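K.L.:
Can you read through this structure? Questions will come right after.
Read the figures in this text as sums done on the coordinates, not as results from a lab. A quick note: this is a predicted structure, and the numbers were derived from the prediction, not measured. Every residue, glycine as well, gets a Cβ built from its backbone with ideal geometry; the counts of neighbours run over all protein chains shown.
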Amino acid sequence: MNKTVDKGSRIAKIKELLGYYKEITETVREPFIILDQALEVVTANAAFYRKFKVKKKDTVGRRIYELGNNQWDAPELRALLENILPKHKVLNNYAVTHNFPDLGHKTILLNARQVDSKQLILLAMEDVTAQLKLESDTAEMTTNLVEQRDKLQRLNDAKDEFISLASHQLRTPATAVRQTIGMLTQGYVGNLSKEQSRILDIAYASSVRQLEIIEDLLRVAKVDAGKVYLETVPCDVVKIIDTVIKSQIILLNNRHQKVHFNKSQKKVIAAVDQKLFSMVIENLLDNASKYSPDKGQITIQIEQNDEQTIISVQDTGVGLRKSDLSKLFKKFSRVDNPYSISVGGTGLGLYWVKKVVNLHQGSVEVTSKLHVGSTFTVKIPTELS
């Protein structure tokens, strides 16, 4: 009698648990089934029927291996349910890869748990095929991108090395040519006619320009190779700018251009590499002069707060279109304007300026209006970290 009561209580408890588990399964978005000890399906949720294209009448009461024309009869699943799970009671993220007749090649992630003294098995399923493919494709794409990046880096390094070597090889003979022409113009080999002097002056100017191009290439090759190292010391930036203006005063006077230097204070001390920062200001002033008309005006302004030192160089030149602003700081980039042919240039000056300012942990920006002028603004930390 007691055995009958115990058995009846046991059955009632299982039914109660089963009803509870059924409610849970229907709230789960992923496919979920409950198996009994014989691995027959006790119940399954709607997601299972949708995903695996089976009907309830063909599922409940049948062994899992028989479902969907035996499509679940996979060696990995048998190993899980018959050998692994009985020993562990709980199993998480067990991957089963199988060719399902109605679904194709799939990888299903299984999470299983035995409950009620191993009377029932809860089995949750997640199709991770698309996720694994995405991960595989992403890994392959990443590998390809890394290979392409490395290839481009090697090409870029080879290009920089070529430019550096070629420039070094060109500098020596170009210097000799300039010096020789200079000696001729100074009368070291005798007096020259006006026509001879005129031709030699043209040749000398061309040789000077050639050396300027070579020096530009060398400077850029060095900064691109990471071989420019700052020697920063507290410097009076006002004094640096004054010195640069004085060094270019002859060229500015020849163009009848005026430079106004607005100083908020007599001294502005900032941590800079004096030589390189002087060249930055020189490039910006030279750029403003070249692209401004005769009798144009250039305004340099400096101000400082606790965090930044800000220098702006404003001209009354040809100005730029908005669409051209992004090109300015790119290597070998030149913007077409009425002065671009007569001025010449390599398209490396502003690129180099930006690189050096960045080394100072600063930034350089430009605002411009066509036919009105441009303003270049350099911001550097007052103290380098």
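K.L.:
How tilted is helix 194-224 with respect to the longest principal axis of the chain? Cα atoms for both, answer in degrees (0 to 90, nearest 10).
P.N.:
The angle comes out near 30 degrees.
K.L.:
Separate question: So what's the gap between the Cα centers of segment 42-102 and segment 217-245, to the nearest angstrom?
P.N.:
71
K.L.:
May I ask you to list the GluC sites (Glu not before Pro) in segment 157-230 that are in a DSSP loop and have at most 15 other Cβ atoms within 10 Å of their Cβ?
P.N.:
Passing sites in segment 157-230 do not exist.
K.L.:
Among 330, 87, what is the fewest-to-most ranking by other Cβ atoms within 10 Å?
P.N.:
Ordered from fewest to most neighbouring Cβ atoms within 10 Å, 330, 87 come out as 87, 330.
K.L.:
Give a residue-ordered list of calculated ³J(HN,Hα) values for segment 31-46 (Karplus: 6.51 cos²θ - 1.76 cosθ + 1.60, θ = phi - 60°; whole Hz; x for Gly, Pro).
P.N.:
For segment 31-46, the Karplus curve yields x, 8, 9, 10, 10, 9, 4, 7, 6, 8, 6, 8, 7, 8, 8, 4 Hz.
K.L.:
Would you work out if the chain is rounded, prolate or oblate? Take a ≥ b ≥ c from the square roots of the eigenvalues of the alpha-carbon gyration tensor; rounded if a/c is under 1.5, else prolate when a/b is larger than b/c, oblate otherwise. Intermediate results must be reported in sequence, preceding the final value.
P.N.:
Working: a/c = 4.40, a/b = 3.24, b/c = 1.36.
It comes out prolate by the Cα gyration axes.
K.L.:
Compute the angle between helix 274-290 and the longest alpha-carbon principal axis of the chain, please, reported from 0 to 90 degrees and rounded to the nearest 10.
P.N.:
For helix 274-290, the angle is close to 70 degrees.
K.L.:
Sticking with this one: So between residue 254 and residue 297, what do we pick up on full extension, going 0.36 nm a residue minus the alpha carbon distance?
P.N.:
Extra length available between residue 254 and residue 297 comes to 14.1 nm.
K.L.:
Here is a follow-up. Each residue of segment 305-315 in turn: what ³J(HN,Hα) in whole Hz from Karplus with 6.51, -1.76, 1.60 and θ = phi - 60°, glycine and Pro shown as x?
P.N.:
Taking θ as phi minus 60°, the curve returns 10, 5, 9, 10, 10, 10, 10, 10, 10, 10, 10 Hz for segment 305-315.
K.L.:
Let me make sure I get this right: for segment 217-256, a, b and c are the square roots of the gyration tensor eigenvalues over alpha carbons, sorted descending. Under 1.5 in a/c it's rounded, otherwise prolate if a/b > b/c, else oblate. Which is it? Walk me through the numbers on the way to the answer.
P.N.:
Values: a/c = 5.89, a/b = 1.51, b/c = 3.90.
Oblate shape, in that a/c is at least 1.5 and b/c is the bigger or equal ratio.
K.L.:
A follow-up question, please. Give the long-range amide H neighbours of residue 261: residues separated by 5 or more places, or on another chain, with amide H under 5 Å away, using H modelled in the peptide plane at 1.01 Å from N.
P.N.:
Those qualifying (amide H under 5 Å, at least 5 residues apart or on another chain) are 300.
K.L.:
To the nearest 10 degrees, how steeply does helix 237-247 sit against the main Cα axis of the chain, on a 0 to 90 scale?
P.N.:
50
K.L.:
Next question. Per 0.36 nm of contour for each residue apart, how much would the distance between residue 151 and residue 327 grow if the chain were fully extended, relative to their Cα-Cα spacing? Please report the intermediate quantities before stating the final value.
P.N.:
Numbers: separation 176, 0.36 × 176 = 63.36 nm, distance 2.51 nm.
Separation in residues times 0.36 nm, less the Cα-Cα distance, equals 60.9 nm.
K.L.:
OK, next. Shape verdict for segment 44-106, please, from the Cα gyration tensor: rounded (a/c under 1.5), prolate (a/b greater than b/c) or oblate.
P.N.:
Prolate is the answer for segment 44-106, as a/c is 1.5 or above and a/b outweighs b/c.
K.L.:
Give the long-range amide H neighbours of residue 43: residues separated by 5 or more places, or on another chain, with amide H under 5 Å away, using H modelled in the peptide plane at 1.01 Å from N.
P.N.:
HN-HN under 5 Å from residue 43: 34.
K.L.:
Also: Using θ = phi - 60° and the Karplus curve 6.51 cos²θ - 1.76 cosθ + 1.60, what whole-Hz ³J(HN,Hα) does each residue of segment 350-363 get, with Gly and Pro shown as x?
P.N.:
In residue order, the calculated couplings are 6, 4, 5, 4, 4, 4, 5, 4, 4, 4, 7, 6, x, 9 Hz.
K.L.:
Something else now. Averaging sequence separations of C-alpha pairs under 8 Å and six or more residues apart, then dividing by the length of segment 271-329, give the relative contact order as a whole percent. Numbers along the way, then the final one.
P.N.:
Details: 46 pairs, mean separation 16.9, N = 59.
RCO, segment 271-329: 29 percent.
K.L.:
Counting only helical runs of four or more DSSP H residues, what would the 222 nm mean residue ellipticity of the chain come to if each run contributes -39,500 (n - 2.57) and the total is spread over all its residues? Write out the running numbers ahead of the final one.
P.N.:
Values: 13 runs with 186 residues, N = 385.
Calculated at 222 nm, the ellipticity per residue is -15500 deg cm²/dmol.
K.L.:
Still on this model: In nm, what is the difference between 0.36 nm times the number of residues separating residue 159 and residue 55 and their Cα-Cα distance?
P.N.:
Difference between extended and current length: 30.8 nm.
K.L.:
For the chain, what's the relative contact order in percent, using C-alpha pairs closer than 8 Å and at least 6 residues apart?
P.N.:
Across the chain, relative contact order equals 10 percent.
K.L.:
What list do you get for 106, 89 if you sort them by fewest beta carbons within 10 Å?
P.N.:
Result, fewest neighbours first: 89, 106.
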